[in-house]
Structure formats: structure tokens, C-alpha cells
Amino acid sequence: MSPFQIVLLVVLGGMVAFIVQAVVRGRLGRPAGAIWLIVLGVGIIASIDPNSTTALARRLGISRGTDLILYVLVLAVLQGFLIFYLRLRRVRRELTILVRRLAILEAPSNRPSDAPAPDAATGRSEA
Amino acid sequence: MSAANHQTGLSAPTDLDPEIAAGTWVIIPVYNEATVISDVIGSIRTVFPNVVAIDDGSTDGSWDQVRRSASHPLRHLVNRGQGAALQTGTDYALRQGAARIAHFDADGQHRLEDLCRMVEVVASGECDIALGNRFAGDVSQVPPARRVLLRAAVLFHRIASGIELHDVHNGLRVLSRRAAERMEITADRMAHASEIIDLVARSGLPVQEIPVTIRYSEYSRAKGQRWTGGFRIMFHYLIARILG
């Protein structure tokens with residue numbers, strides 16, 4: 001086993017521990033936790049036996065295991081972008097609602113609506 | 001007789017029925033317009049007493065000008081875009097009992113007499129929504145590049161919204177209370193103009209395009225949309241249509 005494989009296994013093992021702890025403490029739902037553990041499990045197997053990805057790739061009609069990993073990574077990154085975009089969009093909308101509501105709450109609506117018009121030449125009011 | 005502002009060139013006939021003028025609340029979204037906004041608001045107030053100016057998180061001191069000159073100054077603490085500012089102003093004006101809502105750009109490119117004519121049309125009950133159309137009259141003032149961009153936008157909306165309008169990105173609009181209540185702008189940024197066209201199409205209310213003149217000053221040209229902005233608007237609009 002190469003030093004890189006050892007480092008990878010330590011990192012993946014740490015992530016497994018983190019996910020398990022998160023599920024146990026209720027910070028992560030069980031379905032999401034299960035998906036993460038499956039992904040990490042596949043990563044651990046691929047780290048211990050890199051040839052296993054090639055075998056799986058061939059079954060799927062892809063010649064090399066590295067190609068399979070690349071395709072999966074591309075899909076995962078795209079999905080990640082989409083999820084982040086949708087969350088960002090929602091947060092922006094929520095921020096807009098808050099800012100708009102605050103603007104109305106802080107409006108000096110007790111001011112008379114028929115305040116005198118400003119001087120036409122200067123465009124400035126005397127207030 | 002007309003009221004005129006020497007700095008912005010805004011002028012308007014003052015024979016609009018004061019009651020109609022008082023029932024029309026003019027909404028002006030403001031973002032970094034400190035050099036012109038006082039004059040623009042001041043000119044409008046010579047005819048319309050209710051001017052709701054929303055400073056949209058400006059960083060150039062526009063808020064001080066808005067606070068001094070608008071009859072109803074509102075402030076977004078964070079910049080949320082023209083669409084959000086228009087909706088804030090509309091919500092506020094409707095709560096205050098507005099009979100009509102007018103949208104007016106802060107850079108002084110619209111003419112007050114055009115606004116007055118549009119208000120008269122809506123107040124007379126001829127339509128619920130009056131939209132400014134810069135292509136109905138003299139188009140020589142419209143820069144050629146802007147003309148091509150706006151024509152492309154018209155074509156795009158004819159396909160996307162199924163509505164046959166001739167100037168879909170004109171910021172001068174007048175809505176009856178009924179129309180304003182039916183429209184909720186959710187697009188924060190510049191895609192709101194496209195969203196408004198969609199809302200107009202869906203409202204089923206009578207619409208009229210009114211010939212207007214846009215004054216393209218150095219200032220308003222510098223603030224206007226560019227080609228890249230047009231593509232960004234289209235992208236945001238399509239995303240909003242797909243994702244809801």
C-alpha cells in the first residue's frame with residue numbers, strides 16, 4: 001500500500017466517523033447519512049483496490065477506471081453547483097423580502113403625503 | 001403653461017387634474033444617482049405630490065438627496081436591484097391608498113409630459129396598464145446599437161411571453177391599482193423588466209402602448225444596459241421561467 005493510499009484512507013475514515021457522529025447527534029438525516037456512507041465506502045474500496053474501479057468501468061462499457069471516476073466526479077460537481085445555485089437563489093430571495101419589508105417598516109409614513117412641491121427651477125424642497 | 005426643470009430638461013403641462021395627479025403615486029428606484037435625483041424628483045413633484053423614491057443601497061450619497069426631495073423616501077439597506085425597489089415602492093404606495101402606480105427612471109431620461117399623458121389614459125379607464133413605447137414616434141434619438149438590442153428583446157418576448165409589444169424594456173409605466181395589485185415582481189435585478197412583461201401578459205388586463213420620447217444624455221447612456229447586460233437579463237429570465 002502506497003503512502004498516498006494510507007493518507008486517503010485516513011481522510012475517508014475520518015469522514016465516515018464525522019458522518020456517523022452527525023447522524024447519531026441528529027445533525028444529518030438518516031437517508032442523507034446513508035448516501036454519504038455509500039459514497040465513502042466506494043471511495044475506501046477504490047483506495048484499497050484501485051483495479052476494482054477498472055473492473056466496474058468495463059462492466060459499464062468504459063475502458064478505464066480513471067475515466068469512470070472522472071465521469072462520476074463531473075456529474076457530482078455539476079450537481080453540487082446546481083444545489084449551491086438553488087440555495088443561493090433562495091437566500092437572495094429571502095434577503096430581498098427582508099430588505100423590502102424593513103424599508104417599508106422604517107418609512108416615515110406619518111409624513112404628510114401632500115408635502116409642498118419643491119421649487120421648479122432648483123428641484124429642491126425647503127424641507 | 002409648463003413646469004420645467006433647467007438641469008434635467010424635464011417639463012410637463014400642468015393641466016393634469018390635481019385629483020388624478022394626487023391619486024397617482026410615482027415610484028422611482030434610485031441607485032447611485034446623487035447627481036441628478038433631486039432634480040428628477042423635484043420636477044415630478046411639481047405635478048405629482050406623491051413621489052416614492054427608493055434608495056436601493058446607494059453608496060454615493062443618493063439617500064441624502066432622496067430623503068430631502070422625495071415626499072415618501074424609502075431605503076433598501078442592501079442593494080437588491082431595480083425590480084425589488086419597484087415592488088417595495090408599489091407595496092408601500094398601495095398601502096397608502098394609491099389609485100394608480102407609475103414607474104419612472106431615476107436618471108432623468110423620461111419626460112414628465114409623457115407620464116402625464118399615460119396617467120390620463122389609465123385614469124380615464126381606457127386601459128389598466130399603459131406602457132411607454134419609444135419606437136412609436138421619433139426614433140432618431142435612440143442610439144443604433146440600443147435600437148438593435150431592444151428590437152431583439154421585443155422579438156424574444158414575442159416568443160417567450162406571446163405578447164405583441166414594441167418596447168419591452170421601457171421603464172415608464174402606469175398601472176391602475178387593480179393591475180398593480182395583480183403584479184408581484186420577484187426578479188431582483190434587471191430581469192424585472194422582462195418579468196413585468198410576463199405579468200402584463202398573464203394579467204389579462206387591457207394594455208396600451210403610449211408613444212414616448214427617451215432623452216439619451218451622456219449620463220443616461222452611461223447608466224444604460226449593454227449587450228452583455230442583455231444576455232445576462234435573458235439568462236436570469238430563462239432560469240426564473242424554468243425554476244419558478
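The values are calculated or read from the model by the stated rules, or taken from the named source; none is laboratory data. What you see is a predicted model, and the numbers here were worked out from it, not measured in a lab. A quick note on method: Cβ atoms are made from the backbone with ideal geometry, for glycine too, and the neighbour counts reach across all protein chains shown. To get the accessible areas, we keep the full protein, side chains included, count just its heavy atoms, and leave off ligands, DNA and RNA. Shrake-Rupley method; radii C 1.70, N 1.55, O 1.52, S 1.80 Å.
When peptides B:172-178, B:49-55 are ranked by their average number of other Cβ atoms within 10 Å per residue, the highest-first order is B:49-55, B:172-178. Let a ≥ b ≥ c be the square roots of the eigenvalues of the Cα gyration tensor of the protein assembly as shown; is it rounded (a/c under 1.5), or, if not, prolate (a/b larger than b/c) or oblate? It comes out prolate by the Cα gyration axes.
Structure remark: mean-square fluctuation, Gaussian network model of chain B, C-alpha springs under 10 Å; the largest value among B:E19, B:E113, B:E184 belongs to B:E19.
Each of B:T59, B:P49, B:S124 was placed along the dipole of chain B (beta-carbon charges, centred on the mean Cα), and the one lying farthest toward the positive end is B:T59. For the range A:1-49, the relative contact order is 49 percent, taking Cα pairs closer than 8 Å that sit 6 or more residues apart in sequence and dividing their mean separation by the residue count.
Comparing A:P31, A:P50, A:P108 in a Gaussian network model of chain A, where Cα atoms under 10 Å apart are tied by springs, the biggest mean-square fluctuation is seen for A:P108.
Can you tell which of B:A102, B:L199, B:I239 lies farthest toward the positive end of the dipole of the range B:2-243, using +1 and -1 charges on the Cβ of basic and acidic side chains (Lys, Arg; Asp, Glu)? Ranked along the dipole, the leading option is B:I239. Charges were assigned to the Cβ only: +1 to each Lys and Arg, -1 to each Asp and Glu. The resulting dipole of the protein assembly as shown about its Cα centre is roughly 1780 debye.
Here is what passes the span test in chain A: the DSSP H helices with alpha carbon length of 27 Å or more along the helix axis and a Kyte-Doolittle mean of 0.0 or above are A:3-24, A:65-105. Averaged over peptide B:95-105, the number of partner chain Cβ atoms lying within 10 Å of each residue's Cβ comes to 1.
Counting Cβ atoms of other protein chains within 10 Å of each Cβ in B:75-86 and taking the mean gives 4. Accessible surface comparison of B:W63, B:W25, A:W36, probe 1.4 Å, protein chains only, largest first: the order is A:W36, B:W63, B:W25.
Computed on the range B:2-243, with alpha-carbon pairs under 8 angstrom and 6+ residues apart, the relative contact order is 21 percent.
Percent of C-alpha pairs per 10 Å bin in the range B:2-243, short distances first: 8, 34, 41, 16, 1.
Can you tell which of B:A145, A:A103, A:V24 lies farthest toward the positive end of the dipole of the protein assembly as shown, using +1 and -1 charges on the Cβ of basic and acidic side chains (Lys, Arg; Asp, Glu)? After comparing all options, I get A:V24. Prolate is the label for the range B:86-165. Its Cα gyration tensor axes, ordered a ≥ b ≥ c, give a/c of at least 1.5 and a/b above b/c. Computed over the range A:1-117, the P(r) tail beyond 18 angstrom holds 72 percent of alpha carbon pairs. Counting Cβ atoms of other protein chains within 10 Å of each Cβ in A:90-102 and taking the mean gives 5. Dipole check for the range B:2-243: with +1 at the C-beta of Lys and Arg, -1 at the C-beta of Asp and Glu, and the Cα centre as origin, the magnitude is about 600 Debye. Oblate is the label for the range A:1-49. Its Cα gyration tensor axes, ordered a ≥ b ≥ c, give a/c of at least 1.5 and b/c at or above a/b. Taking the Cα centre of the range B:45-99 as reference, the dipole from Cβ charges on Lys and Arg (+1) and Asp and Glu (-1) amounts to some 160 debye. Applying 1/(1 + (r/R0)^6) with R0 = 56 Å to the Cβ-Cβ distance of B:I239 and A:R58 gives a FRET efficiency near 0.90.
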